[in-house]
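The values are calculated or read from the model by the stated rules, or taken from the named source; none is laboratory data. From a predicted model like this one, the values you see are computed outputs, not experimental measurements. Backbone-built Cβ (ideal geometry, glycine too); neighbour counts: all protein chains shown.
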Amino acid sequence: MRIGISLQTAHQASDVRQPVRDLVERTRVASAAGLDSLFVGDHHITPSPYYQNVPVMGRLLAEWGTAPAGCLFLLPMWDPVLLAEQVGTLASIAGGRFIIQAGLGRGEREFAAMGINIRHRPSRFEEGLAIIRGLLAGETVSATGRFNIEGARISPVPPEHVEVWIGGSVEPAVDRASRLGDAWLGGPELTFEQAKRWADFYRERCAAHGREPGPVTLRRDVYVGADADDARAVAQPILDRGYRGFDPSAVIWGDSSAVAAEFAKYAEIGVSEILVRHITSDQRAVLQSIERLGRLREEL
(Lines give C-alpha, C1' and ligand atoms only; values in the text may rest on other atoms or scores of the structure.)
Protein backbone atom coordinates (compact mmCIF):
# COMPACT_ATOMS: atom_id res chain seq x y z
CA MET A 1 0.00 0.00 0.00
CA ARG A 2 1.15 3.52 -0.84
CA ILE A 3 0.75 6.38 1.63
CA GLY A 4 0.45 9.94 0.39
CA ILE A 5 -0.42 13.22 2.03
CA SER A 6 -3.27 15.61 1.35
CA LEU A 7 -2.37 18.97 2.84
CA GLN A 8 -5.17 21.04 4.29
CA THR A 9 -5.00 24.54 2.82
CA ALA A 10 -7.77 26.17 4.89
CA HIS A 11 -6.08 28.02 7.74
CA GLN A 12 -6.71 30.88 10.11
CA ALA A 13 -3.78 32.94 11.36
CA SER A 14 -3.10 36.52 12.30
CA ASP A 15 -0.12 36.42 9.93
CA VAL A 16 -1.39 35.11 6.59
CA ARG A 17 2.15 34.13 5.58
CA GLN A 18 2.53 31.67 8.46
CA PRO A 19 0.23 28.95 7.08
CA VAL A 20 2.23 28.95 3.86
CA ARG A 21 5.47 28.52 5.81
CA ASP A 22 3.81 25.63 7.66
CA LEU A 23 2.71 23.99 4.41
CA VAL A 24 6.22 24.27 3.01
CA GLU A 25 7.66 22.67 6.14
CA ARG A 26 5.11 19.85 6.07
CA THR A 27 5.96 19.16 2.43
CA ARG A 28 9.66 19.11 3.16
CA VAL A 29 9.18 16.63 6.03
CA ALA A 30 6.81 14.47 3.96
CA SER A 31 9.36 14.29 1.17
CA ALA A 32 12.13 13.34 3.60
CA ALA A 33 9.83 10.68 5.10
CA GLY A 34 9.45 9.10 1.66
CA LEU A 35 5.69 9.52 1.36
CA ASP A 36 4.34 8.47 -1.99
CA SER A 37 2.29 11.46 -3.17
CA LEU A 38 1.36 15.07 -2.38
CA PHE A 39 -2.01 16.74 -2.97
CA VAL A 40 -3.87 19.94 -2.15
CA GLY A 41 -7.59 20.70 -2.41
CA ASP A 42 -9.89 23.17 -4.14
CA HIS A 43 -12.51 25.57 -2.75
CA HIS A 44 -13.56 29.12 -3.59
CA ILE A 45 -15.32 32.09 -2.00
CA THR A 46 -14.58 30.80 1.49
CA PRO A 47 -15.30 32.90 4.60
CA SER A 48 -11.83 32.23 6.03
CA PRO A 49 -8.45 31.93 4.27
CA TYR A 50 -8.19 29.08 1.76
CA TYR A 51 -4.86 29.03 -0.04
CA GLN A 52 -5.55 28.34 -3.70
CA ASN A 53 -4.29 25.12 -5.20
CA VAL A 54 -2.29 26.18 -8.26
CA PRO A 55 0.01 28.82 -6.70
CA VAL A 56 0.42 26.80 -3.49
CA MET A 57 1.32 23.64 -5.39
CA GLY A 58 3.81 25.57 -7.52
CA ARG A 59 5.60 26.58 -4.30
CA LEU A 60 5.38 23.14 -2.70
CA LEU A 61 6.84 21.37 -5.74
CA ALA A 62 10.12 23.14 -4.98
CA GLU A 63 10.30 21.01 -1.81
CA TRP A 64 8.87 17.76 -3.10
CA GLY A 65 11.12 15.77 -5.44
CA THR A 66 10.06 13.15 -7.99
CA ALA A 67 7.11 11.38 -6.32
CA PRO A 68 3.66 12.01 -7.84
CA ALA A 69 1.86 15.24 -6.95
CA GLY A 70 -1.39 16.86 -7.89
CA CYS A 71 -4.37 19.07 -7.14
CA LEU A 72 -8.05 18.56 -6.64
CA PHE A 73 -10.05 20.60 -9.15
CA LEU A 74 -13.81 21.05 -8.84
CA LEU A 75 -14.13 20.79 -12.62
CA PRO A 76 -17.54 22.41 -13.19
CA MET A 77 -16.24 25.68 -11.71
CA TRP A 78 -13.22 25.87 -14.01
CA ASP A 79 -12.78 27.06 -17.55
CA PRO A 80 -11.22 23.95 -19.13
CA VAL A 81 -8.65 25.84 -21.19
CA LEU A 82 -7.42 27.77 -18.16
CA LEU A 83 -7.27 24.58 -16.09
CA ALA A 84 -5.34 22.73 -18.80
CA GLU A 85 -2.84 25.59 -19.02
CA GLN A 86 -2.36 25.58 -15.25
CA VAL A 87 -1.85 21.81 -15.20
CA GLY A 88 0.53 21.96 -18.16
CA THR A 89 2.69 24.43 -16.26
CA LEU A 90 2.52 22.53 -12.95
CA ALA A 91 3.36 19.26 -14.69
CA SER A 92 6.40 20.96 -16.23
CA ILE A 93 7.55 22.15 -12.80
CA ALA A 94 6.95 18.77 -11.14
CA GLY A 95 9.81 16.30 -10.93
CA GLY A 96 7.46 13.34 -11.42
CA ARG A 97 3.91 12.49 -12.49
CA PHE A 98 1.20 15.09 -12.07
CA ILE A 99 -2.34 13.94 -11.20
CA ILE A 100 -5.68 15.71 -11.45
CA GLN A 101 -8.16 14.82 -8.73
CA ALA A 102 -11.53 15.73 -10.21
CA GLY A 103 -14.62 16.50 -8.16
CA LEU A 104 -18.12 17.70 -8.97
CA GLY A 105 -18.38 20.32 -6.18
CA ARG A 106 -21.53 20.97 -4.20
CA GLY A 107 -21.54 24.41 -2.61
CA GLU A 108 -24.47 26.46 -3.89
CA ARG A 109 -22.73 29.63 -2.70
CA GLU A 110 -19.53 28.80 -4.62
CA PHE A 111 -21.35 28.13 -7.88
CA ALA A 112 -23.50 31.23 -7.57
CA ALA A 113 -20.43 33.39 -6.96
CA MET A 114 -18.84 31.96 -10.13
CA GLY A 115 -22.00 32.66 -12.13
CA ILE A 116 -22.55 28.94 -12.80
CA ASN A 117 -25.84 27.07 -12.60
CA ILE A 118 -25.26 24.29 -10.09
CA ARG A 119 -27.68 22.05 -12.00
CA HIS A 120 -25.22 22.00 -14.90
CA ARG A 121 -22.51 20.32 -12.83
CA PRO A 122 -22.59 16.85 -14.46
CA SER A 123 -22.58 18.14 -18.05
CA ARG A 124 -19.92 20.76 -17.31
CA PHE A 125 -17.81 18.09 -15.62
CA GLU A 126 -17.92 15.62 -18.50
CA GLU A 127 -17.65 18.16 -21.32
CA GLY A 128 -14.88 20.03 -19.50
CA LEU A 129 -12.92 16.86 -18.82
CA ALA A 130 -13.01 15.86 -22.51
CA ILE A 131 -11.65 19.29 -23.48
CA ILE A 132 -8.96 19.19 -20.79
CA ARG A 133 -7.76 15.75 -21.84
CA GLY A 134 -7.52 16.79 -25.48
CA LEU A 135 -5.55 19.91 -24.61
CA LEU A 136 -3.19 18.05 -22.28
CA ALA A 137 -2.52 15.56 -25.08
CA GLY A 138 -1.37 18.42 -27.33
CA GLU A 139 -4.48 18.50 -29.51
CA THR A 140 -6.17 21.56 -30.98
CA VAL A 141 -9.67 21.56 -29.50
CA SER A 142 -12.96 23.11 -30.53
CA ALA A 143 -16.22 22.50 -28.71
CA THR A 144 -19.81 23.67 -28.43
CA GLY A 145 -22.17 23.01 -25.57
CA ARG A 146 -21.53 24.14 -22.01
CA PHE A 147 -18.21 25.53 -23.29
CA ASN A 148 -17.83 27.29 -26.63
CA ILE A 149 -14.21 26.93 -27.67
CA GLU A 150 -12.61 27.40 -31.07
CA GLY A 151 -9.11 26.26 -32.02
CA ALA A 152 -7.72 26.08 -28.48
CA ARG A 153 -4.23 24.71 -27.93
CA ILE A 154 -2.00 24.93 -24.86
CA SER A 155 1.73 25.12 -24.30
CA PRO A 156 3.58 23.73 -22.44
CA VAL A 157 2.04 20.31 -22.83
CA PRO A 158 2.75 18.04 -19.83
CA PRO A 159 5.90 15.96 -20.35
CA GLU A 160 4.03 12.75 -19.44
CA HIS A 161 0.46 11.50 -19.20
CA VAL A 162 -1.66 13.29 -16.57
CA GLU A 163 -3.94 10.84 -14.76
CA VAL A 164 -7.43 11.86 -13.65
CA TRP A 165 -8.71 10.41 -10.38
CA ILE A 166 -12.44 11.00 -10.06
CA GLY A 167 -13.97 11.38 -6.62
CA GLY A 168 -17.45 10.82 -5.30
CA SER A 169 -19.51 8.55 -3.08
CA VAL A 170 -22.91 8.30 -4.74
CA GLU A 171 -23.80 5.93 -7.57
CA PRO A 172 -23.61 8.45 -10.46
CA ALA A 173 -20.23 9.76 -9.28
CA VAL A 174 -18.66 6.34 -8.81
CA ASP A 175 -20.06 5.23 -12.16
CA ARG A 176 -18.53 8.36 -13.69
CA ALA A 177 -15.16 7.34 -12.23
CA SER A 178 -15.55 3.88 -13.77
CA ARG A 179 -16.43 5.34 -17.20
CA LEU A 180 -14.04 8.26 -17.39
CA GLY A 181 -11.41 8.06 -14.68
CA ASP A 182 -7.98 6.54 -14.29
CA ALA A 183 -8.84 5.81 -10.63
CA TRP A 184 -11.62 6.21 -8.09
CA LEU A 185 -11.01 8.50 -5.11
CA GLY A 186 -13.06 7.90 -1.95
CA GLY A 187 -13.71 10.68 0.52
CA PRO A 188 -12.57 10.93 4.15
CA GLU A 189 -16.11 10.77 5.51
CA LEU A 190 -16.63 7.16 4.44
CA THR A 191 -16.65 4.46 7.09
CA PHE A 192 -14.81 1.20 6.39
CA GLU A 193 -18.06 -0.50 5.37
CA GLN A 194 -19.02 2.37 3.07
CA ALA A 195 -15.54 2.44 1.50
CA LYS A 196 -15.76 -1.29 0.80
CA ARG A 197 -19.21 -0.91 -0.73
CA TRP A 198 -18.15 1.86 -3.09
CA ALA A 199 -14.84 0.18 -4.00
CA ASP A 200 -16.77 -2.96 -4.95
CA PHE A 201 -19.33 -0.89 -6.88
CA TYR A 202 -16.52 0.91 -8.75
CA ARG A 203 -15.02 -2.40 -9.86
CA GLU A 204 -18.47 -3.72 -10.85
CA ARG A 205 -19.14 -0.64 -12.99
CA CYS A 206 -15.71 -0.85 -14.62
CA ALA A 207 -16.60 -4.41 -15.68
CA ALA A 208 -19.98 -3.23 -16.97
CA HIS A 209 -18.25 -0.58 -19.09
CA GLY A 210 -15.62 -3.01 -20.33
CA ARG A 211 -12.76 -1.19 -18.63
CA GLU A 212 -9.99 -2.41 -16.39
CA PRO A 213 -10.35 -0.91 -12.88
CA GLY A 214 -7.83 1.70 -11.93
CA PRO A 215 -6.39 2.16 -8.47
CA VAL A 216 -8.75 2.60 -5.55
CA THR A 217 -7.49 5.57 -3.55
CA LEU A 218 -8.98 6.68 -0.25
CA ARG A 219 -8.59 9.87 1.76
CA ARG A 220 -8.39 9.32 5.52
CA ASP A 221 -8.17 11.80 8.36
CA VAL A 222 -5.38 10.55 10.60
CA TYR A 223 -3.09 11.17 13.54
CA VAL A 224 -0.16 8.90 14.37
CA GLY A 225 0.92 9.38 17.98
CA ALA A 226 4.21 8.62 19.69
CA ASP A 227 2.24 6.06 21.71
CA ALA A 228 -1.40 5.28 22.49
CA ASP A 229 -1.59 7.93 25.24
CA ASP A 230 -0.21 10.66 23.00
CA ALA A 231 -2.62 9.70 20.21
CA ARG A 232 -5.57 9.76 22.58
CA ALA A 233 -4.56 13.13 24.06
CA VAL A 234 -4.50 14.70 20.60
CA ALA A 235 -7.38 12.90 18.88
CA GLN A 236 -10.04 12.39 21.53
CA PRO A 237 -10.81 16.07 22.27
CA ILE A 238 -11.09 16.73 18.53
CA LEU A 239 -13.49 13.82 18.04
CA ASP A 240 -15.49 14.82 21.11
CA ARG A 241 -16.22 18.15 19.43
CA GLY A 242 -17.82 16.29 16.49
CA TYR A 243 -14.93 16.43 14.04
CA ARG A 244 -16.30 17.59 10.65
CA GLY A 245 -19.55 15.77 11.35
CA PHE A 246 -17.87 12.46 10.51
CA ASP A 247 -18.70 9.07 11.96
CA PRO A 248 -15.79 8.70 14.44
CA SER A 249 -14.94 5.29 12.96
CA ALA A 250 -13.94 7.01 9.71
CA VAL A 251 -11.05 8.73 11.51
CA ILE A 252 -7.85 6.74 12.07
CA TRP A 253 -5.70 7.47 15.09
CA GLY A 254 -3.40 5.66 17.47
CA ASP A 255 0.24 4.70 17.73
CA SER A 256 2.07 3.40 14.66
CA SER A 257 0.98 -0.20 15.20
CA ALA A 258 -2.68 0.72 15.56
CA VAL A 259 -2.67 2.94 12.48
CA ALA A 260 -0.78 0.32 10.46
CA ALA A 261 -3.39 -2.28 11.42
CA GLU A 262 -6.18 0.02 10.21
CA PHE A 263 -4.38 0.71 6.94
CA ALA A 264 -3.89 -3.05 6.44
CA LYS A 265 -7.67 -3.55 6.69
CA TYR A 266 -8.13 -1.17 3.76
CA ALA A 267 -5.45 -2.95 1.77
CA GLU A 268 -7.46 -6.16 2.17
CA ILE A 269 -10.45 -4.60 0.37
CA GLY A 270 -8.29 -3.42 -2.51
CA VAL A 271 -7.35 0.12 -1.50
CA SER A 272 -3.99 0.78 -3.13
CA GLU A 273 -3.23 4.23 -1.71
CA ILE A 274 -4.31 6.17 1.38
CA LEU A 275 -4.01 9.94 1.27
CA VAL A 276 -3.59 11.28 4.79
CA ARG A 277 -5.03 14.55 6.00
CA HIS A 278 -4.18 15.32 9.62
CA ILE A 279 -6.98 15.89 12.09
CA THR A 280 -4.91 18.32 14.14
CA SER A 281 -3.62 21.70 12.98
CA ASP A 282 -0.83 21.81 15.58
CA GLN A 283 2.32 22.12 13.47
CA ARG A 284 4.63 20.19 15.79
CA ALA A 285 2.17 17.31 16.13
CA VAL A 286 1.60 17.16 12.37
CA LEU A 287 5.31 17.08 11.59
CA GLN A 288 5.92 14.29 14.08
CA SER A 289 2.96 12.33 12.72
CA ILE A 290 4.33 12.69 9.17
CA GLU A 291 7.68 11.29 10.27
CA ARG A 292 5.93 8.32 11.88
CA LEU A 293 3.93 7.77 8.69
CA GLY A 294 7.20 7.39 6.82
CA ARG A 295 8.34 4.63 9.16
CA LEU A 296 4.89 3.04 9.09
CA ARG A 297 4.94 3.07 5.28
CA GLU A 298 8.17 1.08 5.29
CA GLU A 299 6.64 -1.49 7.64
CA LEU A 300 3.57 -1.90 5.43
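So that you can scan it fast, the table gives a plain yes or no per residue for (1) surrounded by fewer than 21 Cβ atoms within 10 Å (Cβ to Cβ); (2) under 12 Å from the mean Cα position of the chain (by Cα); (3) not aliphatic (A, V, I, L, M):
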position: I3; (1), (2), (3): no, no, no
position: S6; (1), (2), (3): no, yes, yes
position: D15; (1), (2), (3): yes, no, yes
position: V20; (1), (2), (3): yes, no, no
position: E25; (1), (2), (3): yes, no, yes
position: R28; (1), (2), (3): yes, no, yes
position: A32; (1), (2), (3): yes, no, no
position: L38; (1), (2), (3): no, yes, no
position: S48; (1), (2), (3): yes, no, yes
* **Scope region 215-274; condition farther than 26 Å from E204 by Cβ, buried (at least 22 other Cβ atoms within 10 Å of the Cβ) and of a type in the set (D, E, K, R); matching residues** => D221
* Single residue of region 273-300 satisfying the filter (at pLDDT below 95 and acidic (D, E)) that is farthest from the chain's Cα centre (by Cα) -> E299
* To do: Could you list all residues from region 44-103 that are more than 20 Å from L275 (Cβ to Cβ), out of contact with any Asp or Glu (no Cβ under 9 Å at 6 or more places or on another chain), assigned to a helix (DSSP H, G or I) and in contact (Cβ under 8 Å) with a residue 60 or more places away in the chain?
  => V81, A84, E85, G88, T89, S92
* To do: With the condition kept exactly as written, say whether any residue in region 17-31 is within 23 Å of E139 (Cα to Cα) and either of a type outside the set (A, V, I, L, M, F, W, C) or free of Cβ contacts under 8 Å to residues at least 12 places away in the same chain (or both).
  => no
* Structure fact -> Only one of (1) assigned to a loop (DSSP other than H, G, I, E, B); (2) among the acidic types (D, E); (3) at pLDDT below 95 does not apply to E110, and that is (1)
* Asked: Scanning for something basic (K, R) and in contact with a strand residue (DSSP E or B) (Cβ under 7 Å, 6 or more places away or on another chain), does region 120-135 turn up at least one residue?
  -> no
* Asked: List the pairs whose first member sits in region 199-212 and is more than 19 Å from E273 (Cα to Cα), whose second member is modelled with pLDDT of 95 or more and crowded, with 17+ Cβ neighbours inside 10 Å, and whose Cβ atoms are under 6 Å apart, counting only residues at least 6 apart or on separate chains?
  -> R205/D175; R205/S178; H209/S178
* Asked: Which numbered condition trips up I100, out of (1) under 26 Å from Q12 (Cα atoms); (2) aliphatic (A, V, I, L, M); (3) under 16 Å from the mean Cα position of the chain (by Cα)?
  -> (1)
* Asked: Is it the case that some residue within region 140-155 is under 28 Å from A67 (Cβ atoms), surrounded by fewer than 20 Cβ atoms within 10 Å (Cβ to Cβ) and not hydroxyl-bearing (S, T, Y)?
  -> no
* **Given (1) more than 17 Å from the chain's Cα centre (by Cα); (2) surrounded by fewer than 22 Cβ atoms within 10 Å (Cβ to Cβ), number of the condition D182 does not satisfy** => (1)
* Structure fact -> Screening G214, G225 for residues that are under 13 Å from S289 (Cα atoms), of a type outside the set (F, W, Y) and at pLDDT 95 or above leaves only G225
* Quick one: would you say I116 is hydrophobic (A, V, I, L, M, F, W, C), surrounded by fewer than 20 Cβ atoms within 10 Å (Cβ to Cβ) and either at negative phi or in contact with a Phe, Trp or Tyr (Cβ under 6 Å, 6 or more places away or on another chain) (or both)? -> yes
